[in-house]
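The values are calculated or read from the model by the stated rules, or taken from the named source; none is laboratory data. The structure presented is a predicted model; accordingly, all values stated were derived computationally and were not measured. Glycine also receives a Cβ, built like all others from the backbone with ideal geometry; neighbour counts cover every protein chain displayed. Ligands, DNA and RNA are stripped out before the accessible areas are found, and what is left, the full protein with its side chains, is counted by its heavy atoms. Shrake-Rupley method; radii C 1.70, N 1.55, O 1.52, S 1.80 Å.
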Amino acid sequence: AISFTIETGDRKRRARAARLLVVFLAGSWLLLRSPRVESPPSLEWFYKPRVLVAWNSFSNVTVLPSTFFTWTLSEKYAGPKFPMRALIIDGIGGTQMAQFDGRPASLREYSYLDYDLTSLGQGLVPASGRQLVIGPGGGVDLLQAVRLGRSDITAVEINPLVAEVVNERQSGWSGRPYRLPGVRLFLENGRTFIKRSSEAWDLISLTWVDTGGSATALAASENYLYTTEADVEFLQHLKPQGYLAFMRGLGSDKLDHPTDTLRGISVAVEALNRIGVAHPEDHIVIAAARSSFFYRIGMCYMLVKRTPFTGAELSKVDDFLSRLEYQPLWRPGGGPLSVPKPYVRVAQAIHAIMTEPNRSEVYRLAAWDFSPTSDDSPFYFAERKGPNRRAGEGVRTLQACGVLLGFLTLLFIGLPLFPLVRQTERVGHSGAAFLGYCSLLGAAFMLVEIELFHFHALVLGNPGYALATVLTSLLVFSGAGSLLASRLSLSSPLLILGVFLALLLLLAGLIWKREDLQTFLVVQSFPARVAGTVVLVAPLAFCMGLPMAAGMTLMARRPDLMIWGWALNGAFSVLASVAAVLLAMHIGIARTVGLGLICYLLAAGLIQVVRLARSHALPES
């Protein structure tokens, strides 16, 4: 507001705007020091005293007193119950933090770690084996590995605040598990780390690294850790006899919502197929647990190998599951397993994934949406509608947001412009072409913008970094394109077509070379990845910023149509923001960008209609 008054010379309005700025800054300063902001109502569902509440620029970590638990502790465990604290991330993602004095010798007392389902993978790998832990959280996986005598453990934690809380602020309780002998810590996205690494491990573990809470994160709900391409990369970073181990949720009570687990299985099967495994069913072991030590939800644990499980390995697996009374859900060579009633439907779905030759039809007709995710559609927690199922909560919420935005668009854009209807002169065919042009630009810009966030989230390793870098680049360079638009559009009739051609070529290149660009960028240092993102976005943003302003220059003699053009452009931008995410979920990122390309192609045709009508004074109807 202040910058606009500098242009108009209105000192009174400038003073009022400056006073408002002071009020907003003072209000922000007070809010940031308010206990209700530091510990917001969204965290009150814990109903527990909080040991610690910590924030960084993109997350919240809350530490609470907790009972003794692990997600998959065997009912056979009768040993001591160790004091624990719960570490809750963003109010929903949780991990446990056991009290520990920091001395490796003390871990001999922590026998409960051997009774956990996750120790199955640990027991199959010799103590000399190398382990990669993605998402170590409160550090239990690290304690388990060090207890078994491992001396080469790589821990990759995406959130520096989690590492700070566990290792520093709660060091007196946690014993600093990230600093145990043999542990190397990397603060990075697990997928970005694995793409950059040339190392190989005997065991790669992901123990419920994230939760279904991100199903409703909507614009940032992509997850590149659980895609087919991610599993391919994990498998390629295993030693010949190594294991990929992960644990996911099976649903609560009657295990009626096992999408999380089943999608993880389908992703693993597709990844094995992609690396040339003809019979993936011989490379996977799956077991389940419903532990009284974690009453909320049933859990599933899966081991995947690049080579088939041997008879000796299966004997160890059978002995472990039988001794600790875990439920096997899939065993190579065993065919359908006899399972208790709560597991029947899950076991049937697993059997279908493993044995049906036409898996795509299994995914389409299933009662749950567990079709495998890919880097082109990395929405692991999105449950899409099918012939025998309704859409999941996240998709339904997104659809409801679309309806709500449509209503708000009518209310705040359409209603204020309603009086302008009587003042608007005859539109004519060139005016209609102009309004269509503005509408298409609004939709196209957002279709491309949202997918640029998705594209660069994998490169930069964090949706927050991607949002900041891409949005800043788009605003700066599209603004530069708009600034030069009037001169460019008037200097040469063919120049605007050249801009559209450059835009279409850049978009087509992005779609065609997406994987190559990601692979090239992701191995660079973080500053280089940020710079590479800016370099990729800048020419695209410049070309995206030019057409709207150029169109307005052509329509300068019709201020009424200019107002309607801006309104339609804004309305379609708002609606396309939701549509872009829904489209990416259903048809993929590449095709969504392709739709943006088609919108720009149509807009290029419409602007020529407007130009010809203006230059040749064609009749308006």
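Just the accessible area per residue of the chain, please: how many Å² with a 1.4 Å probe?
Dividing the accessible area of the chain by its residue count gives 45 Å².
Can you compute the helix-only [θ] at 222 nm over the chain? Use -39500 (n - 2.57) per DSSP H run of at least 4 residues, normalise by all residues, nearest 500 deg cm²/dmol.
Result for the chain: -16000 deg cm²/dmol, rounded to the nearest 500.
Do you know the relative contact order of the chain, to the nearest whole percent, from alpha carbon pairs under 8 angstrom that are 6+ apart?
12
Using DSSP loop states and a limit of at most 16 other Cβ atoms within 10 Å to flag trypsin sites (Lys or Arg not before Pro), what is the longest stretch of the chain containing no flagged site?
Formally, the longest exposed-site-free interval is 82-253.
Leaving out ligands, DNA and RNA, what percent of the accessible area of region 46-93 is carbon and sulfur, probe 1.4 Å?
Roughly 60 percent of what the probe reaches on region 46-93 is carbon or sulfur.
Calculate the FRET efficiency for residue 341 and residue 274 from the Cβ-Cβ distance with a Förster distance of 45 Å, rounded to the nearest 0.05.
0.80
Pull up the DSSP beta bridges for region 57-213 and report the antiparallel fraction as a percent, rounded to 5.
50
Which number comes out as Rg/Rh for region 238-292 once both Rg and the Kirkwood Rh are worked out on C-alpha atoms?
My calculation of the ratio gives 1.03.
Return the subset of 316/385; 81/239; 76/195; 239/513; 76/305 for which the Cα-Cα distance in this structure is over 32 Å, preserving the input order.
The pairs that break the limit, which is 32 Å between Cα atoms, are 316/385; 81/239; 76/195.
Separation of region 90-152 and region 543-621 by C-alpha centroid, Å?
56
Report for the chain the percent antiparallel among DSSP-assigned beta bridges with both residues inside it, nearest 5.
65
Carbon-plus-sulfur fraction of the accessible area of region 424-570, 1.4 Å probe, in percent?
75
Please return the longest stretch of the chain lacking exposed loop sites, where GluC sites (Glu not before Pro) count only if DSSP places them in a loop and at most 16 other Cβ atoms lie within 10 Å.
Maximal segment without exposed cleavage sites: 426-619.
Summarise the accessible area of region 244-366 (1.4 Å probe, protein heavy atoms) by the percent that is carbon and sulfur.
Of all accessible area on region 244-366, carbon and sulfur atoms account for 51 percent.
Please sort by residue number the chymotrypsin sites (Phe, Trp or Tyr not before Pro) in region 427-513 whose DSSP state is loop and whose Cβ has at most 10 other Cβ atoms within 10 Å.
none
Along Cα→Cβ, 7 Å out, is where each label goes; now give me the distance between the ones at residue 82 and residue 608 in nm to one decimal.
7.1
Kyte-Doolittle mean at least 0.0 and Cα extent at least 30 Å along the axis: which DSSP H helices of the chain qualify?
11-32, 428-460, 526-554, 559-587, 589-615
Can you give the log10 of the normalised intensity I(q)/I(0) at q = 0.11 Å⁻¹, computed with Debye over equal Cα scatterers of the chain?
Values, matching the q order: -1.12.
Specify the inter-centroid distance of region 277-330 and region 5-28, based on alpha-carbon positions, in whole Å.
Here the answer is 65 Å between Cα centres.
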